[in-house]
1. Any idea which residue in the range 73-112 is nearest to the chain's Cα centre (by Cα), counting only those that are among the small types (Gly, Ala, Ser), under 30 Å from Asp168 (Cβ atoms) and surrounded by 13 or more Cβ atoms within 10 Å (Cβ to Cβ)?
2. Looking only at the range 23-45, which residues are assigned to a helix (DSSP H, G or I) and free of Cβ contacts under 8 Å to residues at least 24 places away in the same chain?
3. Are there any helices (runs of 4 or more DSSP H) wholly within the range 331-400 with 2 or more residues that are surrounded by 15 or more Cβ atoms within 10 Å (Cβ to Cβ) and within 31 Å of the chain's Cα centre (by Cα), and if so which?
4. Could we say that Leu299 is touching a helix residue (DSSP H, G or I) at 6+ places or on another chain (Cβ under 7 Å) and buried (at least 23 other Cβ atoms within 10 Å of the Cβ) here?
5. Which is surrounded by 22 or more Cβ atoms within 10 Å (Cβ to Cβ), more than 19 Å from the chain's Cα centre (by Cα) and not polar (S, T, N, Q), of Leu326, Leu294?
6. May I ask you to verify whether Met61 is under 21 Å from the mean Cα position of the chain (by Cα), among the hydrophobic types (A, V, I, L, M, F, W, C), in a loop (DSSP other than H, G, I, E, B) and modelled with pLDDT of 95 or more?
7. Restricted to the range 137-157, and to residues that are in contact with a strand residue (DSSP E or B) (Cβ under 7 Å, 6 or more places away or on another chain) and among the small types (Gly, Ala, Ser), which residue is surrounded by the most Cβ atoms within 10 Å (Cβ to Cβ)?
8. Show the residue pairs meeting these rules: Cβ distance below 6 Å; 6+ apart or different chains; first residue within the range 222-241 and without any contact (Cβ under 8 Å) to a residue 24 or more places away in the chain and over 16 Å from Val211 (Cα atoms); second residue aliphatic (A, V, I, L, M) and surrounded by fewer than 19 Cβ atoms within 10 Å (Cβ to Cβ).
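The values are calculated or read from the model by the stated rules, or taken from the named source; none is laboratory data. Predicted model only: the values in this text are computed from it and were never measured. Methodologically, a virtual Cβ is constructed for each residue, glycine included, from the backbone with ideal geometry; neighbour enumeration extends over all protein chains shown.
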Amino acid sequence: MRQSQLFTKTRRDAPKDEEAKNAQLLIRAGYVKKEMAGVYSYLPLGIKVLANIERIVRREMDAIGGQELRMATLHPSEPWKQTGAWDGVDVLFKLMSRTEKEYALGQSEEEIVAPIAQEYANSYKDFPIALYQIGQKYRDELRAKSGIMRGREFGMKDMYSFHTSQEDFDRFYAIVKEAYLRIYRECNLTAKVTEASGGSFSEKISYEFMVLTDAGEDTIFYCEECDYCVNEEVAKVKEGDTCPSCSKGTLKAGVASEVGNVFDLGQKYAKDFKFMYKDAEGIDQYPIEGCYGLGITRLMGVIVEALADEKGIVWPEAVAPFRYHLLSLAPDDADVKAFADALYGDMLTGSVLYDDRDARAGEKFADSDLIGIPWRVIVGKDTLKSGMVELVNRATGEVSKLSREDFLTR
């Protein structure tokens with residue numbers, strides 16, 4: 001893509017009412033536009049990042065047996081009233097139609113997915129089931145904050161599984177856990193699996209996937225000698241205690257942001273909807289349900305918070321809008337322009353944003369740092385003399401000089 005044709009442009013300043021680093025950088029770099037507190041529009045660059053995150057998530061969910069569907073976002077009120085959530089969930093957006101019929105905007109999908117599963121699963125042979133979707137969620141947050149990390153409208157992957165035994169749920173949870181950790185690693189993030197309260201979803205202990213970042217909203221206690229980690233809200237330990245799991249490490253406190261969660265919903269929703277199946281003896285049983293959330297837009301914001309530097313965003317290759325940012329530093333020089341144009345033509349089979357604008361070198365470097373594409377390819381007058389292009393790693397600053405042929409075959 002030629003940057004001269006890119007719909008968005010960078011800007012020097014973010015809106016004055018935007019405090020979160022992720023939103024400031026994403027707005028300045030042209031990834032998002034703030035519509036109001038907690039609501040953002042995602043622009044062409046932002047859509048590319050979201051699509052890459054969704055691709056990773058979709059690949060991992062498919063690999064563990066998840067089947068994708070798209071559930072309704074506008075919900076009838078009846079299932080919410082049937083589960084008690086109509087009056088029990090304070091963040092639920094409620095709507096009244098012109099015909100005085102009540103609806104809800106989906107803030108989660110338990111009330112929709114259980115009746116869907118009930119339609120098709122009536123024998124023990126039909127289990128286990130894992131259904132997921134990637135879509136928009138709506139929550140009436142009193143104080144939307146932290147940029148795209150906590151909003152009133154946001155993108156999310158939510159998966160629901162149904163099992164004939166607690167043992168089978170526990171087996172599947174372990175599989176999902178490893179899939180989630182692979183997703184975060186591909187995004188250059190280290191997530192800690194943290195015990196937490198089930199909140200409004202479940203009375204049981206839930207598990208959150210937390211990434212250490214100063215922009216987080218939770219305090220966790222974790223051990224560096226083992227995988228033990230617990231949210232402060234349910235903790236019976238404190239900073240400095242000996243790890244209750246391995247008895248070797250000393251617990252540290254850290255601020256973290258949640259990037260995923262798992263809830264054991266038990267048989268609540270099955271009982272609410274009278275969802276039963278026949279076991280091997282022909283006896284009616286309620287299935288056990290699990291819920292697995294992963295914030296797509298939240299993950300995008302956490303990546304920015306955790307990896308950005310003083311110059312701008314630093315995208316991991318797996319989620320970046322482009323792999324290369326090609327900069328032509330002498331657009332008024334016909335020979336340099338011809339070299340850069342030809343190189344761009346050869347790179348079109350790859351993923352490249354070509355800064356062909358008539359702008360000063362300093363402006364191009366600053367914009368490249370802000371946008372955060374993993375590799376910067378520099379073509380200038382020195383390139384014509386040496387025949388070498390300069391390749392700069394955005395994350396490390398490491399510089400390599402390669403011939404045109406070596407670069408194109410790397």
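1. Taking the range 73-112 as the starting set, the residues that turn out to be among the small types (Gly, Ala, Ser) are 77, 84-85, 88, 97, 104, 106, 108.
The next check asks that each one be under 30 Å from Asp168 (Cβ atoms); those that pass are 84-85, 88, 106, 108.
Restricting the remaining residues to those that are surrounded by 13 or more Cβ atoms within 10 Å (Cβ to Cβ) gives 85, 106, 108.
Working: Ala85: 26, Gly106: 19, Ser108: 16 Å.
Among those that are among the small types (Gly, Ala, Ser), under 30 Å from Asp168 (Cβ atoms) and surrounded by 13 or more Cβ atoms within 10 Å (Cβ to Cβ), it is Ser108.
2. First pass over the range 23-45, keeping only residues assigned to a helix (DSSP H, G or I): 23-28, 44-45.
Result: Ile27, single match.
3. Working: elements: 334-347, 361-371, 381-386.
Qualifying helices (runs of 4 or more DSSP H): 334-347, 361-371.
4. Numbers: touching a helix residue (DSSP H, G or I) at 6+ places or on another chain (Cβ under 7 Å): yes; buried (at least 23 other Cβ atoms within 10 Å of the Cβ): yes.
So Leu299 fits the description; yes.
5. Working: Leu294 fails: more than 19 Å from the chain's Cα centre (by Cα).
Going through Leu326, Leu294 in turn, just one is surrounded by 22 or more Cβ atoms within 10 Å (Cβ to Cβ), more than 19 Å from the chain's Cα centre (by Cα) and not polar (S, T, N, Q): Leu326.
6. Working: under 21 Å from the mean Cα position of the chain (by Cα): yes; among the hydrophobic types (A, V, I, L, M, F, W, C): yes; in a loop (DSSP other than H, G, I, E, B): no; modelled with pLDDT of 95 or more: yes.
Considered against the rule, which asks whether it is under 21 Å from the mean Cα position of the chain (by Cα), among the hydrophobic types (A, V, I, L, M, F, W, C), in a loop (DSSP other than H, G, I, E, B) and modelled with pLDDT of 95 or more, Met61 comes out as no.
7. Of the residues in the range 137-157, the ones in contact with a strand residue (DSSP E or B) (Cβ under 7 Å, 6 or more places away or on another chain) are 137-138, 140-141, 144, 148-149, 151-157.
Then keep just the ones that are among the small types (Gly, Ala, Ser); that gives 144, 151, 155.
Values: Ala144: 18, Gly151: 25, Gly155: 21.
If we take residues in the range 137-157 being in contact with a strand residue (DSSP E or B) (Cβ under 7 Å, 6 or more places away or on another chain) and among the small types (Gly, Ala, Ser), then Gly151 is surrounded by the most Cβ atoms within 10 Å (Cβ to Cβ).
8. Sorted first by the residue in the range 222-241, then by its partner, the pairs are Glu239/Ala253.
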